[in-house]
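Notes follow the structure.
Bear in mind that the values in this text are calculations on the coordinates, not laboratory data. Bear in mind the structure is a predicted one, so any value in this text is a computation, not a measurement. Backbone-built Cβ (ideal geometry, glycine too); neighbour counts: all protein chains shown.
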Amino acid sequence: MADPTNDTTHGEHPDDGAFEAFVIGALEGDAATYFEAHLPGCAACAARLRAEAALEVSLHEVHALASSAPAALALVPPAAAPLAPALSAPRARHTRRIIVLAAAALAIAATVALVAGRTPDPTPPPVVATPRPPPIAPVMCEVLLEQAACIEAAHRRGLVVAYPPGAGAPSFGGSPTRGPSSSPFPLASRKEDP
Amino acid sequence: MPPGARSHDDIEALAATGDREAWAALVARHDRRVVVTLLARGLPLDRARDVAQETWARLWEQHRGGKLERLELPGLAVRQAAFLATDEARRSTRIARDTEASTDATEEVADAAAGPDERLATREGLARALAELGRMPPRAREVFVAVYERPEASHAETAQRLGLSVQRLRQTLCEVRTRLRAAMESDDG
């Protein structure tokens, strides 16, 4: 079986930067034309594009987390104890996770200051450390038909579902094959919805 | 004034009144987000484009029919596109099962029905990315926030807002993405 990474039957693979440029909307002109012509016949490049698109979706999540910084800040312990050598493996993992989350809190503070156009206060008031849950990235499982899989996958990733089953799940009218008059929109903003 | 010369807010307001030109301009601004979402779900580029086009057509019909109170874009379009992709995947899977034939194309769309993509970052990965963002120079963070805060804006518009050249904006954005990618992919054990 041929190695798909060596599949050049549709010409040379695009440059490494082309995948990122395509996803962020910076691929233009002949480069874009070549990229799109090459892609349908190249499984390796299709996989790379898929990975790049997944990163882009994740970066939107990162931005959403940064935007919800005030709430997240209040939930995060400000500092972690030094990692003792005698810690058990699960405890060490837990402590490392707290360190990561604390670092995330600092990042959030800086980002919030940036968004608000302020300079971070050089001497911020101390935040009392309380055992509260870490910041969460809510997932919107609004499409009723895929809600179960959505929730399951979100739980596997450790994310919180903003629309649990039966609560806030939007209704829709039927199969998309029925035509526009019965379009199955997950109509969060339909007038008839409460 | 042509839609391209208007601000995004003006285009949104005009599209809300049913102006077809403004709607086309709005689609042009949000279409990449929809296509990228579908790509991340595993659709090939040509199918992602088709599903995105179908998405916009349905939204336009709903909008013209007065069934949408607000045009919450791109969220509404992303959800609609995800629904169409899932529905298509299920129908393809059913057909394949009925005919006892499995094609590559069927597997491609069936894979798109998996809900939140397993290739997306974990909660820890997102936290690491946030921490990495905090370690970046203010200008880099500013570029990241500006681009992802208004993804419908063109790079030219964002660059102008930040007082940068388009080339500089894109260079900085790619540097930020590289660092955040590495942060998300690193293992905290």
Cα centroid separation - the range A:9-43 against the range B:36-62, whole Å:
19 Å
Exposure proxy order (Cβ contacts within 10 Å, fewest to most) of B:Leu59, A:Leu39:
A:Leu39, B:Leu59
Could you work out how much longer the chain between B:Arg64 and B:Gln171 gets when fully extended? Use 0.36 nm per residue separation minus the Cα distance between them, nm to one decimal.
34.5 nm
Distance in nm between B:Glu54 and B:Ala182 label points, each 7 Å along Cα→Cβ, equals 4.1 nm
